[in-house]
Amino acid sequence: MSYNSPFDRDSWPRPVYGGDAGAIDLGLRQYMLRVYNFMAAGLGLTGLVAYAAVATGFYQRIAGTPFIWIVMLAPLGIVLLLSFGIERLSAGAAQMAFWAYSALMGLSLAGIFLVYTGASIARVFFISAATFAAMSLYGYTTRRDLSRFGSFLFMGLVGIVLASLVNIFIGSSALQFAISVIGVIVFTGLTAWDTQRIKEVYLASDPGDVLTKTALMGALTLYLDFINLFVMLLQLTGQRRE
């Protein structure tokens, strides 16, 4: 399972206000549209790769081999590359890394098609999309500073990661249920918080390649929020195959 981006949000630059308000608002809308387009394209690629991997039998062939560990760990490596090396990458290289990450995530998540019914996956996807859209819209439009909730959400995220690692060894269904419930709450809140932070990053960024790369970083963060929300909801409400 993937978890939210390790990006240190508190280190993101603070907004610098000034200039023509209308131009800033127009630029912000265009920037957010770019972020959402990157995110949607990444999710689309993930879904296509996941379905194709199962439909062709490729996932089933690698599931019992050591190669599956490379598939599971490679996305984390790319996230770390983007998180700590984004400044050294060109905009084109950053995009390639993002697409590679999305494809590898699709391969690592392909197993859900073997565990849950297609109708159940589709239903949970649309529920996740509606929840994500509502919370992201709230984060974009609210005048309330959501940063004070950040520490609590981060603590919840750390708790989810640690509890999930423990549950790998004990296999408790009750603990998994609790992880899923808390995960839905945490990633729902992170969606709103991250959206607000992405706005702030735009207002503090320079145009050009830097803006393209910050859009990719924002898209990756929201992508992770959505994927984890989807997985947690699927674990809670998904219908398993017989």
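Out of the residues in segment 95-113 meeting the condition of being without any contact (Cβ under 8 Å) to a residue 60 or more places away in the chain and of a type in the set (A, V, I, L, M), tell me which one is surrounded by the fewest Cβ atoms within 10 Å (Cβ to Cβ).
Met96
Yes/no per residue for (1) at pLDDT below 90; (2) in a helix (DSSP H, G or I); (3) surrounded by 24 or more Cβ atoms within 10 Å (Cβ to Cβ); (4) of a type in the set (Gly, Ala, Ser):
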residue	(1), (2), (3), (4)
Ala178	no, yes, no, yes
Val181	no, yes, no, no
Tyr202	yes, yes, no, no
Lys213	yes, yes, no, no
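Yes/no per residue for (1) closer than 24 Å to Arg143 by Cβ; (2) among the charged types (D, E, K, R); (3) within 19 Å of the chain's Cα centre (by Cα):
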position: Gly171; (1), (2), (3): no, no, no
position: Asp194; (1), (2), (3): yes, yes, yes
position: Ile198; (1), (2), (3): yes, no, yes
position: Thr221; (1), (2), (3): yes, no, yes
position: Asp225; (1), (2), (3): yes, yes, yes
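On the basis of being surrounded by 15 or more Cβ atoms within 10 Å (Cβ to Cβ), assigned to a helix (DSSP H, G or I), of a type in the set (A, V, I, L, M, F, W, C) and without any contact (Cβ under 8 Å) to a residue 40 or more places away in the chain, does Ile78 make the cut?
Yes.
All but one of (1) surrounded by 20 or more Cβ atoms within 10 Å (Cβ to Cβ); (2) over 16 Å from Val124 (Cα atoms) hold for Val161; which doesn't?
The one condition Val161 does not meet is (1).
Could you tell me which numbered condition Arg88 fails, if it satisfies all but one of (1) in contact with a Ser or Thr (Cβ under 9 Å, 6 or more places away or on another chain); (2) farther than 21 Å from Leu233 by Cβ; (3) of a type in the set (D, E, K, R)?
Here Arg88 clears every test but (1).
Given the residues Ala174, Ala192, which is the only one that is over 20 Å from Ile227 (Cβ atoms), at pLDDT 85 or above and either part of a helix (DSSP H, G or I) or in contact with a Leu (Cβ under 8 Å, 6 or more places away or on another chain) (or both)?
Only one candidate passes the filter, namely Ala174.
The values are calculated or read from the model by the stated rules, or taken from the named source; none is laboratory data. Bear in mind the structure is a predicted one, so any value in this text is a computation, not a measurement. Please note: Cβ atoms are built from the backbone with ideal geometry, for glycine as well, and neighbour counts cover all protein chains shown.
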